[in-house]
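Next up is a structure, given as structure tokens.
Read-outs throughout are calculated quantities, based only on the coordinates presented, and are distinct from any laboratory measurement. Here the structure is a predicted model, which means the values were calculated and not measured. Glycine gets a Cβ as well: all are built from the backbone with ideal geometry, and neighbour counts include every protein chain shown.
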Amino acid sequence: MGLKFPHRTYAILHTESSLGWGGQERRILAEAAVMRQRGHRVSLVCDPRGELYSRARAQVFQVTAVPFGGTQNLRAWARLRRLLGRGEIEVLNTHSSLDSWVGALAWRSLRTRPLLVRTRHLSTRVKNNWPTRWLYRAPGAIITTGQVTKELLMTRLGVSARRIFSIPTGVELPEFAPREKDRELQARLQIPDGAFIFGSVAVLRSWKGHLYILEALQRLLEEGRPAYLVVVGEGPYREVIQEKITALGLGERVRLAGYQDRVADWFALMDAVVLASYANEGVPQSLLQALAMAKPVVGTTVGGIPEVIVPDETGLLAPPKDAGALAQAMGRLMDNPPQARELGRRGRELVLERFSLEQMAAEVEAVYEVALKSGAGQGG
């Protein structure tokens, strides 16, 4: 079946000042790729020191190198203003705080302006002052990755609900389809056949809650429930996590796999997936990917996680920073394989119905179309 393009296609410019490679940067590149497949002309402005810059170039996108930060922001403003001033860009979509400020100010300085869109990826609390209110009221549309972030911007900054659209990151369904475990990979990790394997896929940051997963695992082992934990991801908290593993005596039971490009192979290895975040989350990509692969999931009641995890239907939930409750939920999945399988099945059905990459792209297109027709984000 061929791709269905919208009535018209757009020239879209994404900006990103972040240097990291987490869910936000992955979303930008995945969105750019699927929008290009649907006929749009997509380009990016990225800091050349960032991972997104090299990865976007590797996928043959038109990428403009623009360093951000400090005195470089003035040059970034001038560069963006020149790019937008050519009149070729129809949609300017900014992402992080820094590039959103630089982009919005460059956009504001022009007489003829493209549609300005801000994507807000995290549910972090925003400042309630007049510059921040302007930054979020200037765009013709704001896209969030979860309903909780939309509500935060409405209540905190007074942004109209009509200009905010919650569009969680879509999943590439062919890549994240259920599959058998890779026994060679399991053998390389020195995990015995038949062992129950919990997994976590997230950047190693404090608020992702890895330390609570480790404490929960220790409780399970003390209760006589033998399990292993595979942690996929890299980040600034690795040393702290390693120290916690040592302090709890979990060295034989935990595998720190580091960053992995082919993360679906690692999800396949896991009998259940745990995400113990205690702050900042929209609807996490790794959560939706795990559900797409029919994995039973334990999450926390944080950010957009409860938007997709309905207790005892599509997964299990625990309060944040509560290792005891987390261990109890993890133990339920170990003790009741039929229930775990049913949670995984329903979770996959949810992703198939609502969270495909194509559906995400169609919703983003609809936001652009409505905002452009109304003339929003082109004045001000």
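Along the positive direction of the dipole of the chain (beta-carbon charges: Lys, Arg +1; Asp, Glu -1; about the Cα centre), which of Thr94, Gln339, Val364 reaches farthest?
Towards the positive end, the residue furthest out is Thr94.
Explain nothing, just compute: Karplus ³J(HN,Hα) = 6.51 cos²θ - 1.76 cosθ + 1.60, θ = phi - 60°, for every residue of region 293-306 in order, whole Hz, x for Gly and Pro.
The phi angles translate into 8, 6, 8, x, 10, 10, x, 10, 7, 10, x, x, 4, x Hz.
Follow-up question, since we're still on this one. For region 189-202, what does the Karplus curve 6.51 cos²θ - 1.76 cosθ + 1.60, with θ = phi - 60°, yield as ³J(HN,Hα) per residue in whole Hz, taken in order and with x for Gly and Pro?
So the Karplus estimates, Gly and Pro as x, are 7, 6, 10, x, 4, x, 6, 8, 10, 8, x, 9, 10, 5 Hz.
To the nearest 20 debye, what charge dipole does the chain have about its Cα centre, counting +1 at the Cβ of each Lys and Arg and -1 at the Cβ of each Asp and Glu?
Here the size comes out at about 1860 debye.
Okay, moving on. Identify, among Ala329, Tyr237, Ile143, the residue whose Cα sits farthest towards the positive end of the charge dipole of the chain, taking +1 on the Cβ of Lys and Arg and -1 on the Cβ of Asp and Glu, with the dipole about the Cα centre.
Projecting each Cα onto the dipole axis, the largest value belongs to Ile143.
From Cα pairs below 8 angstrom and at least 6 apart in sequence, can you work out the relative contact order of region 183-354, rounded to a whole percent?
Relative contact order, region 183-354: 23 percent.
Quick one: net charge around Val364, please, counting Lys, Arg +1 and Asp, Glu -1 for every other residue with C-beta under 12 Å from its C-beta.
Within the 12 Å Cβ shell, the charges total -3.
Just the number, please: Stokes-Einstein D of region 183-354 in µm²/s, Kirkwood Rh from C-alpha pairs, 37 °C, 0.692 mPa s.
Estimated via Stokes-Einstein, D reaches 209 µm²/s.
Which whole-percent values make up P(r) of region 327-380 when all C-alpha to C-alpha distances are grouped in 10 Å steps starting at zero?
Histogram of Cα-Cα distances, whole percents per bin: 20, 24, 21, 16, 12, 6.
Taking N as the number of residues in region 42-197, what value does Rg over Cα atoms divided by 2.2 N^0.38 Å take?
1.35
Here is a follow-up. Enter the Cα centre distance for the pair region 52-90 and region 218-291, rounded to the nearest angstrom.
Centre-to-centre (Cα) distance: 36 Å.
Quick one: what Rg and Dmax do you get for region 9-77 from the alpha carbons, in Å?
According to the Cα coordinates of region 9-77, Rg and Dmax are 11.9, 38 Å.
Would you count, across the chain, every pair of lysines whose alpha carbons are under 22 angstrom apart, provided the pair is eight or more residues apart or spans two chains?
Lysine pairs satisfying the spacing and distance rule in the chain number 8.
Whole-Å semi-axes of the chain's equivalent ellipsoid, largest first, each the root of 5 times a Cα gyration tensor eigenvalue?
39, 21, 20
5 Å is the cut-off here: which amide hydrogens, built 1.01 Å from N in the peptide plane, fall below it relative to Arg255, excluding neighbours closer than 5 in sequence?
It is Leu229, Val230, Val231, by chain and number.
Can I ask one more? Let's see if you can work this out: charge +1 on each Lys and Arg Cβ, -1 on each Asp and Glu Cβ, no other charges. What is the dipole magnitude of region 183-354 about its Cα centre, in debye to the nearest 20?
140
Amide H of Ala11 versus every other amide H placed in the peptide plane: which residues, excluding those fewer than 5 positions away on the same chain, fall under 5 Å?
The list, which skips near neighbours in sequence, is Arg41, Glu90, Val91.
With unit charges on the beta carbons (Lys and Arg positive, Asp and Glu negative) and the dipole taken about the Cα centre of region 192-339, which residue among Ala290, Tyr278, Gly199 sits farthest to the positive side?
Of the candidates, Tyr278 comes out farthest on the positive side.
Now for a separate question. Quick one: 3J(HN,Hα) in Hz for region 327-337, Karplus 6.51/-1.76/1.60 with θ = phi - 60°, rounded, Gly and Pro as x.
Result, rounded to whole Hz: 5, 4, 5, 4, x, 4, 5, 5, 7, 10, x.
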